[in-house]
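Okay, structure first, notes after.
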Amino acid sequence: MKKLTIANCLLLISLLFSCGTDPVELPQGAYEEGVLIVNEGAFGANDGEIFHFDVVSGEMETAIFEKVNNRPFAGLIQNMLVFGDYAYLVANTGKVEIVRSSDFMSMGAVEGELVNSRSLVTAKGKLFISDWGAYDDNYQNPDSFIAVVNDPTGGAIANTIPVSSRPEGLTYFGDRVLAACQSEGQLLVIDPDTETVEKTVPVTGTPFSFFDYGGKLYLYATDAANVYLHEIAPGGFEIADSQAFSVANSIYNGSFTLTDSGEIFVISKQESEDVVVKLSISSGSVIEEHFYSGNNFYGLGYDEATQTLYIGEHAGWQGDGSVLRVNSGGELIDQMPAGRGPSGFYFP
């Protein structure tokens with residue numbers, strides 16, 4: 001993650017405290033430049049964390065949430081989303097932490113019965129959080145929901161909206177909250193004022209998340225043989241157009257990344273290796289079937305300023321992973337140590 005179209009962080013002043021008793025002052029807006037790396041964490045260990053990479057100095061700062069707040073995050077980070085002043089760390093272990101996006105100082109958390117939270121969006125001064133709900137005996141999620149919090153800095157869950165099974169990505173579009181629900185392959189349209197589902201739209205493939213490009217909103221979806229980009233009509237929220245790209249076995253977590261020129265990088269899990277495939281929205285075609293290959297690929301991000309592709313590698317979940325940087329020609333620049341399961345990248 002994703003990620004993705006997110007508002008830029010704003011400059012704030014922070015006074016941070018170390019694990020000792022002496023305060024440590026960081027520069028203003030310490031995390032407003034460089035790359036924020038989401039390390040999901042390992043199941044059972046709940047050791048998800050955010051790292052910060054300084055592109056200029058080449059230095060990697062580990063565990064910035066713990067460093068700033070003097071406590072570990074203690075969860076599996078499914079997503080990090082930034083809206084204005086705040087970054088939201090959404091854990092699939094049922095928690096959401098809210099930090100100031102400029103310095104990662106904790107500003108609050110969501111209180112209530114989150115179970116398997118997946119993503120989040122802000123709309124009408126509220127938080128809408130997708131949650132799969134509990135698993136039943138057949139490993140299904142019949143009680144999925146969207147949780148509503150009436151304050152962007154967290155607090156109690158005010159309402160839960162029952163939805164189709166396994167809601168993932170959310171977005172706010174045309175005065176409505178849109179949700180991608182995986183099990184039924186559906187796009188849900190939610191009225192943020194009444195907090196009700198007012199429309200259900202079937203989509204091809206398993207939908208993951210939304211993104212903007214060229215003034216249009218797209219829903220990213222996959223199946224065993226294809227990647228789909230579904231363009232959403234702004235009026236009735238129907239599928240205005242769909243593009244299908246022949247990409248087999250795209251990665252199960254739905255990771256992809258988008259460039260400003262409308263190219264999309266996705267991961268194909270092939271028999272002997274993982275391959276990064278390059279697609280083009282404008283041509284509707286696969287333009288490079290084998291941009292870069294390796295093993296244990298888990299997340300993607302693209303730095304437009306340096307035209308560098310970032311690939312998260314999970315090392316078979318046998319300890320910490322790494323981050324590979326690849327140039328525009330598909331050549332490896334370097335490989336850096338990261339945390340457990342690096343899955344997403346954010347470029348302020």
What is the spread of the Cα atoms of the range 68-183 along each of their three principal axes, largest first, in whole Å? 41, 35, 21
Pairwise label distance in nanometres, GLN270 with MET107, each label 7 Å out on the Cα-Cβ vector: 4.4
Between SER57 and SER283, what is the label-to-label distance in nm when each label sits 7 Å out along the Cα-to-Cβ direction? 4.2
Hey, could you grab the Kirkwood Rh for the range 221-298? Inverse mean 1/r over distinct alpha carbon pairs, Å, one decimal. 13.0
Can you pull the Kirkwood radius for the chain, inverse mean 1/r over Cα pairs, to one decimal in Å? 20.3
Give LYS199/LYS269; LYS124/LYS199; LYS95/LYS269 a once-over and call out the pairs whose C-alpha atoms are over 28 Å from each other. LYS199/LYS269; LYS95/LYS269
Give me the percent of the accessible area of the chain that comes from carbon and sulfur atoms, probe 1.4 Å, all protein chains in place. 47
Please sort 334-347, 181-194 by packing, taking for each peptide the average over its residues of neighbouring beta carbons within 10 angstrom, highest first. 334-347, 181-194
If the viscosity is 0.692 mPa s and the temperature 37 °C, what Stokes-Einstein diffusion coefficient in µm²/s follows for the range 39-101 when Rh is the Kirkwood radius over Cα pairs? 270
The ³J(HN,Hα) series, computed from each phi in the range 234-240 with the Karplus coefficients 6.51, -1.76 and 1.60 at θ = phi - 60°, rounded to the nearest Hz and given as x for glycine or proline, is x, x, x, 6, 7, 7, 6
Subtracting the Cα-Cα distance of THR194 and ASP136 from 0.36 nm times their residue separation yields 17.9 nm
State the three equivalent ellipsoid semi-axes of the range 137-244, derived from the C-alpha gyration tensor as the square roots of 5 times its eigenvalues, in descending order and whole Å. 23, 18, 11
Which value, in Å², gives the accessible area per residue of the chain when a 1.4 Å probe is used on the protein heavy atoms? 41
If we restrict to alpha carbons, what Rg and Dmax does the range 304-348 come to, in Å? 11.0, 33
Listed highest first by mean packing, meaning other Cβ atoms within 10 Å per residue, what order do 77-83, 198-204 come in? 77-83, 198-204
Expressed in nanometres to one decimal, the distance between label points 7 Å along Cα→Cβ at GLU32 and ASN295 is 4.3
Rounded to the nearest whole number, the per residue volume of the convex hull around the C-alpha atoms of the range 259-348 in Å³ is 94
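The values are calculated or read from the model by the stated rules, or taken from the named source; none is laboratory data. Just so it is clear, the structure is predicted and the values come from calculations on it, not from any experiment. Don't worry about glycine lacking a Cβ; one is built from the backbone with ideal geometry, like all the others, and counts go over all protein chains shown. Calculation scope for accessible area: heavy atoms of the full protein, side chains included, ligands and nucleic acids excluded. Shrake-Rupley method; radii C 1.70, N 1.55, O 1.52, S 1.80 Å.
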